[in-house]
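The next block holds one structure in the form of structure tokens; read it before the comments.
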């Protein structure tokens, strides 16, 4: 049995009183300077130890993380490249769809003709000639002389045909000659291509009052082209009193440098009027 | 080997010419990468198949073009003839020889083209052709002469490795 006057009991009582006293002093804030004095070096030492430990841990585990991050980075770069390629492809498809949609509108507006759609895959290798190569040929019903248009207007005509490709002579080629009609004045003229890539009109009668801005359409004369295909607008008129005819420059509606997709009118057959042309009589 | 290689190489260059190079003009002049390749090949030392390259390049270039057959062929043969002549005389300055051959080759090609168009009833105005087509083409060809010469030089060294004296 525990005796209250035994030395052990007295020691316990003193310890309890000390503990209560310390707790009371701590709660009252009397021990703060002492605890700060004791804890600050401990905190500093523990911080130093923790930092070193983390550094060592990073050093030991970093190669594995680096390899994993590099792999992840490569995967993301590959994904990024794939998505960028997809974006470019979709943008191209969108641009193509817009052109095709415009061509479809043109086809619906001109149901009297039958068309074959073709992509422009190249240009003539000689810089003196304004021809383009299209990816449709005799296998698709194309024949020499068929007119080629876009939704904007006349492009040219098929000059040569292979089974799977054809060569189209553009209006801007220096050898191009097209019989045209000026819409407002009703004057007939001949459209000429230039080596400069421009279009001009010749053989306009002096009596015709040609205005800048007049629309230039095919007349159908000569049988090379169907009539009423839009070519461009008159951008300037040159009239000399001493000359037999007026001349004019034409701003084409088609951008010949940006040709991508064209329509070939396959139900038009050019008429060869060569036998009807007068030949010099032999005396 | 060099002759066999000429078909895919020059065929590829003709496609590049028609699909890409012809769409990048200065004014109305364009570079002629086949002429550059044939000229650079003909100027390489130890190369023997340069006449074959001229014929193959000339025929292949005619295929997508509306120019009368033989214009490119004759122009490339003349170019190779000049290159062959220079290779024996001014071999110490191959790049100068390349520039000279490309300059003359371009003039041969354009001169013969204009002559052929005139003979076939499609004449082009000479002054406009010179200003708008030939001079810009000369500039482009001279600009591309250096890289083409380097590429073809590497190809020639691969096909005809230099002999080592033992």
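Each value in this text was obtained by applying a stated rule to the coordinates, not by laboratory testing. Quick caveat, the model's predicted, so the values are computed rather than measured. As a convention, Cβ positions derive from the backbone with ideal geometry for all residues, glycine included, and neighbour counts pool all protein chains shown.
What the table shows:
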{"quantity": "Angle between chain A longest axis and helix A:32-109 axis [Cα atoms, degrees, rounded to 10]", "calculated": "20"}
{"quantity": "Test item: B:117-130 mean partner chain Cβ contacts at 10 Å", "calculated": "3"}
{"quantity": "Region A:58-111 and region B:85-127: distance between their alpha carbon centers, rounded to Å", "calculated": "45"}
{"quantity": "Shielding score for A:127-136, defined as the mean number of other chain Cβ atoms within 10 Å", "calculated": "6"}
{"quantity": "Value at 222 nm in deg cm²/dmol, rounded to 500, when DSSP H runs of n ≥ 4 in chain A each add -39,500 (n - 2.57)", "calculated": "-13000 deg cm²/dmol"}
{"quantity": "Extension gain from residue A:13 to residue A:135, taking 0.36 nm per residue of separation minus the Cα-Cα distance", "calculated": "33.1 nm"}
{"quantity": "Gaussian network model of chain B, springs between alpha carbon atoms under 10 Å - residue of B:33, B:146, B:102 with greatest fluctuation", "calculated": "B:146"}
{"quantity": "Most mobile of A:24, A:245, A:256 in a GNM of chain A (Cα contacts under 10 Å)", "calculated": "A:24"}
{"quantity": "Most fluctuating residue given options B:22, B:113, B:149, as computed from a GNM of chain B linking Cα atoms under 10 Å", "calculated": "B:22"}
{"quantity": "Angle between chain B longest axis and helix B:135-159 axis [Cα atoms, degrees, rounded to 10]", "calculated": "30"}
{"quantity": "Segment residue B:107-residue B:51, extension gain: residue separation times 0.36 nm, minus the distance between their alpha carbons", "calculated": "18.2 nm"}
{"quantity": "Degrees separating the helix B:50-62 axis from the principal Cα axis of chain B, which is the longest one", "calculated": "30"}
{"quantity": "Region B:2-159: proportion of alpha-carbon pairs further apart than 22 angstrom, %", "calculated": "35"}
{"quantity": "Mean ellipticity per residue at 222 nm, deg cm²/dmol - from DSSP H runs of n ≥ 4 across chain B, formula -39500 (n - 2.57)", "calculated": "-23000 deg cm²/dmol"}
{"quantity": "Sites residue A:245 and residue A:104, calculated FRET efficiency, Cβ-Cβ separation with R0 35 Å, nearest 0.05", "calculated": "0.30"}
{"quantity": "Binned Cα-Cα distance frequencies in region A:195-283 - 10 Å width, integer %", "calculated": "13, 33, 33, 17, 3, 0"}
{"quantity": "Chain A: relative contact order in percent, alpha carbon pairs under 8 Å with at least 6 residues between", "calculated": "14"}
{"quantity": "Sites residue A:27 and residue A:83, calculated FRET efficiency, Cβ-Cβ separation with R0 41 Å, nearest 0.05", "calculated": "0.05"}
{"quantity": "Shielding score for A:115-125, defined as the mean number of other chain Cβ atoms within 10 Å", "calculated": "5"}
{"quantity": "For chain A, radius of gyration divided by Kirkwood radius, i.e. Rg to Rh on alpha-carbons", "calculated": "1.70"}
